[in-house]
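Have a look at the structure below, then the notes.
Only the coordinates and a few stated rules stand behind these numbers; no lab work does. These figures come from a predicted structure and were not determined experimentally. When we count neighbours, we look across all protein chains shown, and the Cβ atoms used for this are built from the backbone with ideal geometry, even at glycine.
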Amino acid sequence: MRTPQLIAALTLVAGLAGPAVAAAPAYAMASSCVVTLYDIDLSNPREKDGVDELRFKVDGNWFPQNGHFDMSTARPDGDPADFGFPSTIVQRQENKYFELREVDPPVITGGQNLGEAWAFGYDCDNLGVGDIHIEDTVLSSNKYAYTVRLKLTGQ
């Protein structure tokens, strides 16, 4: 039996495999997050006619930029495209919000603040680059109810 040759061959193979394992890249943690509107659902409209004319205000910008989106009991689901894809960036040490407003056309600024859906920077702490966290917020009163979902993507 050739035990010394076998041991030498195994030692050589182990020596070659060792550096390859040590050189594996580390998991990249996110330093910030891109925050986008993921979904909005209506449970109860504010207006008596059953139609709410909605906009989001994010970092001082209105979405959709030129107009509003009508949500009603007949159309209770809103998607990012309906609002012009509102988004912002949140750093790990800060928080930002998406303010939902019900406007009265033809005036599409101002209006009634229905509440804020917050994106918290600390949610980015545990995300890797490309990882996703969904933040759900229920905005409600005795007159209306909405569920806003924000998507935080680590970057």
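Among the residues of the stretch 91-138, those that are of a type in the set (A, V, I, L, M) and closer than 18 Å to residue 63 by Cα comprise 100, 103, 107, 108, 114, 117, 119. Under the condition of being surrounded by 17 or more Cβ atoms within 10 Å (Cβ to Cβ) and either closer than 29 Å to residue 29 by Cα or among the hydroxyl-bearing types (Ser, Thr, Tyr) (or both), the residues counted in the stretch 136-151 number 6.
If you filter the stretch 47-64 down to residues that are of a type in the set (Lys, Arg) and within 14 Å of residue 115 (Cβ to Cβ), you find that the one that is surrounded by the fewest Cβ atoms within 10 Å (Cβ to Cβ) is 57. Note on the stretch 71-84: among residues that are among the hydrophobic types (A, V, I, L, M, F, W, C) and surrounded by 12 or more Cβ atoms within 10 Å (Cβ to Cβ), the one that is nearest to residue 117 (Cα to Cα) is 83. Residues in the stretch 119-155 that are in a helix (DSSP H, G or I) and either touching a Leu at 6+ places or on another chain (Cβ under 7 Å) or of a type in the set (Asp, Glu) (or both): 123, 124.
Here is a yes/no grid of residues against (1) touching a Leu at 6+ places or on another chain (Cβ under 7 Å); (2) of a type outside the set (Phe, Trp, Tyr); (3) under 12 Å from residue 36 (Cα atoms):
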site	(1), (2), (3)
53	no, yes, no
64	no, yes, no
88	no, yes, yes
93	no, yes, no
98	yes, no, yes
102	yes, yes, no
111	no, yes, no
116	no, yes, no
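Here's the yes/no breakdown for (1) touching a helix residue (DSSP H, G or I) at 6+ places or on another chain (Cβ under 8 Å); (2) farther than 14 Å from residue 52 by Cα:
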residue	(1), (2)
85	no, yes
93	yes, yes
105	no, no
114	no, no
140	no, no
148	no, yes
153	no, yes
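Taken over the stretch 85-120, the criterion of being of a type in the set (Gly, Ala, Ser) and surrounded by fewer than 18 Cβ atoms within 10 Å (Cβ to Cβ) is satisfied by 110 alone.
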